Structure formats: structure tokens, C-alpha cells
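The values are calculated or read from the model by the stated rules, or taken from the named source; none is laboratory data. As the structure is a prediction and not an experimental result, all values here were calculated from the model. Here the Cβ positions follow ideal geometry from the backbone for every residue, glycine too, while neighbour counts run over all protein chains shown.
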Amino acid sequence: MVGGGMGAFIGGVHRMAAALDGEIELVCGAFSSDPDKSKTSGANFGIQPDRCYGTFQDMIRREKRLRPDKRMQVVSIVTPNHMHYPPAKMALENGFHVICDKPLAFNMKEALALEKLVEKTGLIFALTHNYTGYPMVKQARQMIRHGELGKIRKVVVEYPQGWLSTHVEASGQKQAAWRTDPKRSGIAGAMGDIGTHAENLTEYITDLKITELCADISIFVPGRQLDDDGNVLLHFEHGAKGILHASQISAGEENNLNIRVYGEKGGLEWRQMEPNTLLVKWLDKPTQVYRTGVGALYPEAQAHTRIPAGHPEGYLEAFANIYRNVALCIRARMEGEKPNPLYTDFPTVQDGVRGMRFIERVIASGKSKSKWVGF
């Protein structure tokens, strides 16, 4: 692991997700840019002292020198955005698979370089757009793929939060501080942090690519350097249209990611805060309620469900589905086999490039007088 030392929120999430299925073991790490904190964190996580590294460069160099049955096999990168590219690049160049938090990189140049490197090395690169890991999201995707809703016409995706409604970064709050800092977050704030989740979820469920967009981007909190609210009109391939709204100043909201997709025959609705339910609404028959683990679901949904119906599966399990799928794909390679297609379903470097393009185009549109920009 690179990053994710003591006190880091997302590092703990990644560690729990990686460990959930017993397929991945944390064996080493460079857990902080401060070498002493890295080693202290590693000791706290139960890592052997000689594998608690002061820098990611030292970790990758020294791990590569270990025997194949001893060395790490995949590097998990859980740093702020500006530190995704350097360890990802070095890991790939030295033959290690990568799991990286989103967005993919600090800017488009870095994203495209990683895409080329993954293509050149043939290594596995997964991006933790964890909301695609929910069983009911996979059910929605398969219903659309199988034409159950007919041709898709309209998509509405919303991601409102309220935690940045005040200038909380000025108080030293760690999560707010780096997310609102252009030197660490990049050119976007809310649109990079959560807008990319909404974009990725939309393209994943609908199987449609955004072709152009028109964005209205705002900074509501005085003194803030990056956007904290945005509204985007979307055009998709094959004529579908959509609306994407991402906000971190929607006072009172928690983590209310939700999506509605409408086709010629009906529509569906999924909400992250009630993730085990998928509503499907029809023109000519009553609304159907799909539940995780209940009834004849598509195999893709069933394969990502662990426990009996009525026992909620949530954020950590969705995250864990990405880690498990990566592990199973690595294991299949080691054994000279093709992985089960059900478990090759995880966000890739190509999804990361589209996320970076979304950030770039949204900010460009927000600053443009002509507004509509191609994707």
C-alpha cells in the first residue's frame, strides 16, 4: 500500500475491502510521505518492520529484489490525487499490478501516460470506482444491456453532499484540506471528487458514452479555491440526454448518490444510501422492486452478493468486490488460466482516462462562454 497511514480515512476502507474475502494480504507499505509515520503506521497494521518502507520508491525497488513467492504482487495507491501517478508508473514499470483510488491522476497528461503504460506492460490496473461494485448496480446494467428498458432516452444522476457547506478546510480538517487544494486535488474540487463517481456510474449502468457536455460550475464558500457545486447537461451516443448534478454544499445531505435511467419501455432508479433496492418502473405494468439476493437476478448481480437476502451489503462490500475480482484475475494469470468473465468486471485505466477527460471538459465548459464542449 502507498499512503493510507494512521488517521487516513480511505486507507482503512481499502484495507478492510482487500481483506474481506481472504484473497489479498497486506504485506508491505509506504504509508506516509513522512518515513517515520510510515513505519509507525506499518507497525500498527501488523506489518513486519523490514517491510515498512520510508518511501514508495524504496518499497518498489526492495520488493522487486525479493523472491517471486515472497514479494508483493499488487500495489494499492490510496494517496491524494497528486500522488497517484508517480507510484503507479513505477509499479507498472517494475512488473507490479496496480489498484488505484480515483480519480486516475492529477491531470490528463498523466492519465494518458498510465494508459499507454498499462497497454505496454499488459498488467492489471483497477480503479476504485466502488459504486460499480454493488449487486443492484450490476443488475441495472444487465437489464439495460439485455434491452429490457428499450432504447435509453434520458439519464438523471445526482451526487449531493453537505460536508463542505462551510470553510471547514480552514480548521485543518485533513480530508477537506487536500480536496480543496489545487496543488493536491488538481483543477477540480467537487466535480473531481464526486462528480467523477456520478459520471462513471452513468456510463457503467447505461453502457453509453458521453459525447458532449455543458457545465455550470460554482464556488459558493468564500475563500475556497476549487468548485464545490456543479450542474452538467449531458449528450450521450445514440441520442440519449442527461443531467448530472454534484454538490458538496447541499446542506443536510450525507452521501446521496442516486441515478434514474429512462428508456422507451420503462425506467429504473437506484440510490446509494439504500443500495440493496432497485426500482424498475414500467409504462404498462406495476413498479417492480428488485432486492439484493432475492429472486431470479442476472448472474452478474448474484456473483457479487455474499450473504442471504435481508442482510444488508453496502459500501465496504462493494469496494471489496473490486479487490476480490482483481485478486481472482491475478490468480488466474498465475495458474495460466482465463479468469471467469463474471469477475473481470472492475473499473480499468480506460475508465480512469474518461474520468479525467470529464474533469477537464467540465472545468473547460464552466469557464467557456460557448458552454457546450465535446467529450
*Do you know which of the residues in the range 132-177 that are touching a Ser or Thr at 6+ places or on another chain (Cβ under 8 Å) and of a type in the set (A, V, I, L, M) is farthest from N321 (Cα to Cα)?*
L164
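From D228, D207, which residue is within 21 Å of the chain's Cα centre (by Cα), over 17 Å from I359 (Cβ atoms) and either modelled with pLDDT of 95 or more or not acidic (D, E) (or both)?
D207
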*Report, by residue number, each residue of the range 329-346 that is touching an Asp or Glu at 6+ places or on another chain (Cβ under 7 Å) and in contact (Cβ under 8 Å) with a residue 60 or more places away in the chain.*
D345
*Within the range 138-154, can you find the residues that are in contact with a strand residue (DSSP E or B) (Cβ under 6 Å, 6 or more places away or on another chain) and buried (at least 22 other Cβ atoms within 10 Å of the Cβ)?*
Q139, A140, L149, I152
*Kindly indicate which of L244, L234 is in contact (Cβ under 8 Å) with a residue 24 or more places away in the chain, surrounded by 21 or more Cβ atoms within 10 Å (Cβ to Cβ) and within 19 Å of the chain's Cα centre (by Cα).*
L244
*The listed residue being surrounded by 20 or more Cβ atoms within 10 Å (Cβ to Cβ) and under 18 Å from G150 (Cα atoms), out of I210, I205, I249*: I205
_the range 280-303, residues that are over 17 Å from H146 (Cβ atoms) and assigned to a loop (DSSP other than H, G, I, E, B)_ = L283, D284, K285, P286, T287, T292, G293, V294
*Of A111, A105, A126, A91, which residue is modelled with pLDDT of 95 or more and more than 16 Å from the chain's Cα centre (by Cα)?*
A91
*Condition met for I243 (of a type in the set (V, I, T) and in a strand (DSSP E or B))*: yes
*Quick check: is even one residue across the range 328-341 at positive phi, in the same structural domain as D193 (by TED's automatic domain parsing) and surrounded by fewer than 21 Cβ atoms within 10 Å (Cβ to Cβ)?*
no
*Would you point out the residue of the range 334-375, among those that are in a helix (DSSP H, G or I) and of a type in the set (D, E), that is farthest from E300 (Cα to Cα)?*
E360
*Please verify whether the range 66-75 includes one or more residues that are under 30 Å from R361 (Cβ atoms) and outside the structural domain of F358 (by TED's automatic domain parsing).*
yes
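Condition check ((1) of a type in the set (D, E); (2) outside any loop (DSSP other than H, G, I, E, B); (3) farther than 14 Å from I205 by Cα) across all residues:
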site: P87; (1), (2), (3): no, yes, yes
site: K116; (1), (2), (3): no, yes, yes
site: M143; (1), (2), (3): no, yes, no
site: G147; (1), (2), (3): no, no, no
site: Y159; (1), (2), (3): no, yes, yes
site: L164; (1), (2), (3): no, no, yes
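Keeping to the range 209-240, report how many residues are assigned to a loop (DSSP other than H, G, I, E, B) and under 14 Å from G195 (Cα atoms).
3
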